[in-house]
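Written below as structure tokens is the structure these notes are about.
The values are calculated or read from the model by the stated rules, or taken from the named source; none is laboratory data. Note that this is a predicted model, so its numbers are computed, not measured. Here the Cβ positions follow ideal geometry from the backbone for every residue, glycine too, while neighbour counts run over all protein chains shown.
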Amino acid sequence: MTIKLYIGNLSPKTREADLENTFNNIGLVMSVAIPLDAQGRRKNYGFVNMGTEEGARVAIQTLNGSMLCSSQISVREATSKE
């Protein structure tokens with residue numbers, strides 16, 4: 001069962017590979033996405049699907065408030081609206 005995480009406050013410089021590498025250090029990453037706006041620019045949030053509930057829990061505890069690409073990110077479990 002995968003657990004979808006919401007990653008907020010991403011820098012415009014952040015790429016999917018940055019998220020994947022960061023979260024792979026914590027646990028198995030199944031997929032990563034950073035949505036684009038109407039002009040094709042990356043939004044300031046993204047999603048990471050972790051392969052296990054334990055990996056997701058550790059990722060939230062470890063990475064919430066950490067720095068990624070010169071920006072302090074927020075990490076939490078995604079809700080159905082997102």
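Being in contact with a Gly (Cβ under 7 Å, 6 or more places away or on another chain) and crowded, with 20+ Cβ neighbours inside 10 Å is the filter here, so list the residues in the stretch 1-25 that pass it.
Result: ILE7, LEU10, LEU19.
Please verify whether the stretch 36-43 includes one or more residues that are in contact with a strand residue (DSSP E or B) (Cβ under 9 Å, 6 or more places away or on another chain), touching a residue at least 40 places away in the same chain (Cβ under 8 Å) and under 13 Å from LEU10 (Cα atoms).
Scanning the stretch 36-43, I find no residue that is in contact with a strand residue (DSSP E or B) (Cβ under 9 Å, 6 or more places away or on another chain), touching a residue at least 40 places away in the same chain (Cβ under 8 Å) and under 13 Å from LEU10 (Cα atoms), so the answer is no.
Regarding ARG57, is this residue part of a strand (DSSP E or B) and basic (Lys, Arg)?
no
Kindly indicate the residue of the stretch 37-61 that is of a type in the set (Gly, Ala, Ser) and surrounded by 17 or more Cβ atoms within 10 Å (Cβ to Cβ) and also nearest to LEU19 (Cα to Cα) among those meeting that condition.
Checked the stretch 37-61; the qualifying residue nearest to LEU19 (Cα to Cα) is GLY46.
Looking only at the stretch 1-24, which residues are of a type in the set (Gly, Ala, Ser) and either within 15 Å of MET50 (Cβ to Cβ) or touching a residue at least 60 places away in the same chain (Cβ under 8 Å) (or both)?
Hits for the stretch 1-24 are GLY8, SER11.
Which members of the stretch 62-78 meet the condition of being more than 16 Å from ILE3 (Cα to Cα), surrounded by 13 or more Cβ atoms within 10 Å (Cβ to Cβ) and either of a type in the set (A, V, I, L, M, F, W, C) or modelled with pLDDT under 95 (or both)?
If the condition is that a residue be more than 16 Å from ILE3 (Cα to Cα), surrounded by 13 or more Cβ atoms within 10 Å (Cβ to Cβ) and either of a type in the set (A, V, I, L, M, F, W, C) or modelled with pLDDT under 95 (or both), then LEU68, CYS69, ILE73 are the ones that fit.
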